[in-house]
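Chemist: Sharing a structure, written as structure tokens. Questions coming.
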């Protein structure tokens, strides 16, 4: 009798498939346990409530794929929120002008950190840690308290939604997140820059020997991460109608957790941008489950910690199996 042999799965796709399976199990279990969990309202909230985290995680994905890390994203988000809110509330800047200024600062800040890491061969952990303290300090230097945003354009954008059926709608922030997701997929998976990115993360020394533009690639990913962090800050101001220098405290850790849960290898070179989207959905689903269960939010943090540890162990096992 002829035995059918199934093709062996590549270790590169196992984490992504595991992430998808975890999300299916979470959604399936919660839907069977709680009435209304599978409604379009909840599904829309899974994307809308954490759109700013998702945008920051997209930038973090490219950084980690390159073999680096960016600890400054949470502070840059907080800086962006208070900068934008202050500029708009003073009445001298329109929201668009404030956003352009914030995006320019965030992008330049990320590029500067990338240059320091590459040119001076400094550890990314230490450079971006310094960036974390600097950006947070600058945020508190602008204002020490929350600043409310009252502008007609913010009202119009908050009313700009996309119906997805059943009366549910995706917020403007969610649409920005999904748009950035598509852009990041194209950059990582369908461009020469993306191929250089994976080669650099897989083995930087080999990429140099092959003549690939490693320096330009590494600076580029930190520049992109800075842009994503400032864009996430703008989306947070839309979500909260305010800015606060303390916003997004430790959000960089959530972004790293989402990326790892999404199947991206911490040492770089392996991972998929769609996995990060799944990681964001898992993160949001866990919090929704605690809300439906009337459980403390601390339990969600514990669950995410356990899940993160499981994925780290899986990554270690796959690294040894290769």
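Chemist: Which of the peptides 126-132, 275-281 is most tightly packed, and how do the rest follow, judged by the mean count of other Cβ atoms within 10 Å per residue?
Modeler: Result, highest mean first: 275-281, 126-132.
Chemist: In nm, give the distance between the simple-model label positions of residue 35 and residue 129, each being 7 Å from the Cα along the Cα-to-Cβ direction.
Modeler: 5.2 nm
Chemist: Could you work out the relative contact order of the stretch 14-321, using alpha carbon pairs under 8 angstrom and six or more residues apart, expressed as a whole percent?
Modeler: Worked out over the stretch 14-321, it gives 36 percent.
Chemist: In nm, to one decimal, how far is the residue 115 label point from the residue 292 one, both placed 7 Å along Cα→Cβ?
Modeler: 5.0 nm
Chemist: Under a no-solvent Debye model with one identical scatterer per Cα of the stretch 170-322, what's log10 I(q)/I(0) at q = 0.14, 0.18, 0.19 Å⁻¹?
Modeler: For the requested q values the scattering log ratios are -0.84, -1.27, -1.36.
Chemist: Could you check the spin-label model distance between residue 302 and residue 193? Points 7 Å from the Cα along Cα→Cβ, value in nm.
Modeler: Going from the residue 302 label point to the residue 193 one covers 4.3 nm.
Chemist: With runs of 4+ DSSP H residues as the only contributors, calculate the mean residue ellipticity of the chain at 222 nm using -39,500 (n - 2.57) per run, divided by the residue total and rounded to the nearest 500.
Modeler: Mean residue ellipticity, 222 nm, calculated: -24000 deg cm²/dmol.
Chemist: Follow-up question, since we're still on this one. Running Debye on the stretch 208-277 with equal point scatterers at the Cα sites and no solvent, what base-10 log of I(q)/I(0) appears at q = 0.22 Å⁻¹?
Modeler: -1.13
Chemist: Can I ask one more? For a protection proxy built on the mean count of beta-carbon atoms within 10 angstrom, sort 168-178, 55-65, 152-162 highest first, please.
Modeler: 55-65, 168-178, 152-162
Chemist: Could you bin all the Cα-Cα distances of the stretch 94-249 into 10 Å bins starting at 0 and give me the percent of pairs in each, rounded to whole numbers?
Modeler: 9, 31, 31, 20, 8, 1
Chemist: Then there's this: Please label the shape of the stretch 114-170 as rounded, prolate or oblate, based on the square roots a ≥ b ≥ c of the eigenvalues of the alpha-carbon gyration tensor (a/c under 1.5 means rounded; beyond that, a/b larger than b/c means prolate, else oblate).
Modeler: oblate
Chemist: Follow-up question, since we're still on this one. Can you list the equivalent-ellipsoid semi-axes of the stretch 1-110, largest first and in whole Å, using the square root of 5 times each Cα gyration tensor eigenvalue?
Modeler: 41, 23, 10
Chemist: Also, I was wondering about something else. Report relative contact order for the stretch 205-307 in percent, whole number only (criteria: Cα-Cα under 8 Å, sequence separation at least 6).
Modeler: For the stretch 205-307, the relative contact order is 14 percent.
Chemist: If you count, for each residue, the other Cβ atoms within 10 Å and average over each peptide, how do 45-52, 96-103 line up from highest to lowest?
Modeler: 45-52, 96-103
Chemist: Taking the chain on its own, what percent of its Cα-Cα pair distances exceed 35 Å?
Modeler: 22 percent
A short reminder: the numbers here are calculations on the coordinates, not readings from a lab. As the structure is a computational prediction, the values presented were derived from the model and not from experiment. All Cβ positions, glycine included, derive from the backbone under ideal geometry; neighbour counts span all protein chains shown.
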